[in-house]
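Written out below as structure tokens is the structure these notes cover.
Each reported figure results from applying straightforward, stated rules to the coordinates on display, with no laboratory input. Everything numeric in this text was worked out from a predicted model, so none of it was measured. Cβ: placed from backbone, ideal geometry, glycine included. Neighbour counts: every protein chain shown.
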Amino acid sequence: MTNDYRVKITIRNERILKLIEDSGFVSVRSFCNSHKIAYQQLTELIAGKVKPFTENGVMVTVCRQMLEVLNVSLEDCFTSRQLEGFNKRSFEIKVKEQDLKKIINPTKNQEQKMMEQQAKNRIRYAIEMGLEPREAAMLKMKFGFDYGVEHSGEEIAKKFNISRSRVGQILAKAQRKMKHPSIMRQILQTGADEVFNIKNLPNHLKKIKQEDEQKLDYMDPDEFLELCHIKNTNKLN
């Protein structure tokens, strides 16, 4: 089937832009003016035209200044791929009209984002309730449940100062725990499968969902949060 539009996509580092916005600045230029940072150089860093490090492994001045002002780490601002920079920084894609509407309709898009965030919050609580603190923290980093940014195994390893293979072992154990019916039931009750349009649930998850729909006794969200708090408090004591 023929597409309806050609859309140009320009790469910009969302991590950096969000950190700047969260610091109270409406634009990169206002951020640069306020902290006497070279605007052109920072925009090139955000676009991936300039790498954070020189060929000799020295951090470029504008990157160092930005990290100091925002008081964040390199891992907060760049994925391992972003550290390499981009030779090609704009792309053209072909899309259908219905897909374009999702992009240009901010109101509907915002409503969807709110629903997704609510589902993610409750999934995060289910993770915290079912796992040990370190397991939960790693799993949330992997799937981006805390700050909306997914992290690689290498990034998680740096954060916890352990090897990538050890990260893999902990995540595998955590994901096995998450398959327990009691935990999966809480995740299904978030409505995440409908919010994220997951059409083909595995049969064992379909069975859990059907059983819950027949019982119609979902746990109240406040009660669920209280249980999460009690469980994590007990782990720390």
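Things to note:
- Extension reserve of the residue 114-residue 163 stretch, reckoned as 0.36 nm per residue once the Cα distance is removed: 14.1 nm
- Taking each of 120/173; 120/158; 36/101; 49/120; 18/159 in turn, the alpha-carbon distance tops 28 angstrom for 36/101; 49/120.
- Shown here for region 140-186: trypsin sites (Lys or Arg not before Pro) in loop regions (DSSP other than H, G, I, E, B) with at most 13 other Cβ atoms within 10 Å, namely 179.
- The GluC sites (Glu not before Pro) of region 117-176 meeting both criteria, a DSSP state outside H, G, I, E and B (loop) and at most 14 other C-beta atoms within 10 angstrom of the site's C-beta, are 150.
- Angstrom value of the Kirkwood radius, inverse mean 1/r, which spans all Cα pairs in region 5-90: 13.3
- Summing charges over all other residues whose Cβ lies under 15 Å from the Cβ of residue 2, with Lys and Arg as +1 and Asp and Glu as -1, gives 0.
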